[in-house]
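The values are calculated or read from the model by the stated rules, or taken from the named source; none is laboratory data. Being a predicted model, the structure only gives us computed values, none of them experimental. Here the Cβ is made from the backbone with ideal geometry for all residues, glycine too, and neighbour counts use every protein chain on show. Remember, those area values only see protein heavy atoms, side chains included, never the ligands or the DNA or RNA. Shrake-Rupley method; radii C 1.70, N 1.55, O 1.52, S 1.80 Å.
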Amino acid sequence: MSDAFYLPLSDATFRSTEITGGPWDPRFQHGGPPVALLVHALERCEPVSGAELARVTAEFLGPVPIADLTVSAEVVRGGRRVQLLAATLSAEGRPVLRAQAWRLRRSRLEGLAPVSEPAGPALGGVAVSSPIGVDFGYARGLEWLVAGGVTTSPGPATVWARLRAAIVAGVPPSPMQRVVAAADSGNGISAVLDWNRWSFANVDLTVHLARPPHGEWICVDAATQLAEDGVALATSTLYDTDGRIGAGAQSLLVLPR
């Protein structure tokens with residue numbers, strides 16, 4: 001297995017490795033790694049001391065091929081405390097993924113006490129090689145512990161995930177990179193349809209963080225709501241070992257295979 005999802009060829013060009021592969025088609029990537037690659041670019045775009053990404057929304061313009069990719073990022077709205085950033089991922093000169101992110105400056109405020117949250121799921125569960133019972137590249141790039149539900153049967157499920165490899169070779173994954181890489185599995189682990197009969201790929205991913213995660217393990221507590229017109233919504237509550245950190249959501253287009 002590769003030690004990274006992407007190998008840098010330059011500051012803006014990256015070679016995809018086999019562990020970016022998704023479950024729908026061997027030619028295309030799972031959504032988690034390319035979103036994490038855009039986060040890598042966003043975090044390095046005109047960084048501001050004390051400011052971190054608090055929300056990332058990624059839009060899939062098409063399947064992301066397992067190929068050489070080019071990344072660009074820019075500041076859309078600047079400021080000392082709040083910045084809006086945008087990034088684009090392209091393959092063979094064609095945009096395939098875009099993201100926008102809000103970067104907010106964090107500072108401790110006198111007299112502001114955090115709202116207490118109930119404890120999240122305990123770290124642990126049944127170790128599996130794939131969160132959906134099918135072998136593919138992305139599944140091999142993470143460790144998986146099923147803490148609730150059954151990921152190979154329809155219905156909600158709770159899974160702990162940890163990256164086995166860096167997003168970009170030679171660069172330790174940031175907290176937000178760890179979160180988006182895991183959060184894009186929400187629709188898979190909470191699947192309500194037969195993988196052999198239906199496709200239900202997400203066209204987007206939004207992650208909101210109240211705080212950055214502590215440690216390497218991310219918990220995705222996911223459920224999918226399905227409508228009869230072929231559209232579904234997968235929502236996830238996200239945790240680290242200290243408690244809830246935020247939420248994720250994915251819009252799904254359902255089609256017969």
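Residues in region 12-29 that are open to solvent by less than 20 Å² (accessible area, probe 1.4 Å) and either in a loop (DSSP other than H, G, I, E, B) or closer than 25 Å to Gly79 by Cα (or both) were compared, and the one that is modelled with the highest pLDDT is Thr17.
Considering only residues in region 196-223 that are without any contact (Cβ under 8 Å) to a residue 60 or more places away in the chain and assigned to a strand (DSSP E or B), the one that is surrounded by the fewest Cβ atoms within 10 Å (Cβ to Cβ) turns out to be Trp198. Checking the stated criteria, Glu228 turns out to be open to solvent by 50 Å² or more (accessible area, probe 1.4 Å), acidic (Asp, Glu), farther than 22 Å from Ser130 by Cβ and not in a strand (DSSP E or B).
Among the residues examined, Ala58 qualifies as at negative phi, assigned to a strand (DSSP E or B) and of a type in the set (A, V, I, L, M, F, W, C). Filtering region 164-178 to residues that are farther than 19 Å from Val71 by Cβ and in contact with a helix residue (DSSP H, G or I) (Cβ under 9 Å, 6 or more places away or on another chain) leaves only Arg164. In region 30-64, how many residues are open to solvent by 70 Å² or more (accessible area, probe 1.4 Å) and under 17 Å from Arg94 (Cβ atoms)? So the answer is 3. Looking at this structure, is Ile245 over 24 Å from Arg98 (Cβ atoms), open to solvent by less than 10 Å² (accessible area, probe 1.4 Å), among the hydrophobic types (A, V, I, L, M, F, W, C) and touching a Leu at 6+ places or on another chain (Cβ under 8 Å)? In short, yes. Ala181 passes every criterion in (1) of a type in the set (Gly, Ala, Ser); (2) open to solvent by 40 Å² or more (accessible area, probe 1.4 Å); (3) closer than 16 Å to Glu143 by Cα apart from (2).
Taking (1) more than 27 Å from Ala58 (Cα to Cα); (2) surrounded by 12 or more Cβ atoms within 10 Å (Cβ to Cβ); (3) in contact (Cβ under 8 Å) with a residue 12 or more places away in the chain in turn, Gln100 satisfies each apart from (1). Where strands (runs of 3 or more DSSP E) sit wholly within region 66-151, none has at least 2 residues that are touching a Pro at 6+ places or on another chain (Cβ under 9 Å) and among the acidic types (Asp, Glu). Being more than 21 Å from Val203 (Cα to Cα) and either among the hydrophobic types (A, V, I, L, M, F, W, C) or at pLDDT 90 or above (or both) is a property that holds for Ala127.
Taking Pro154 as the residue in question, decide whether it is open to solvent by 50 Å² or more (accessible area, probe 1.4 Å), at pLDDT below 95 and either part of a strand (DSSP E or B) or over 19 Å from Pro212 (Cα atoms) (or both). For Pro154, the condition - open to solvent by 50 Å² or more (accessible area, probe 1.4 Å), at pLDDT below 95 and either part of a strand (DSSP E or B) or over 19 Å from Pro212 (Cα atoms) (or both) - is met.
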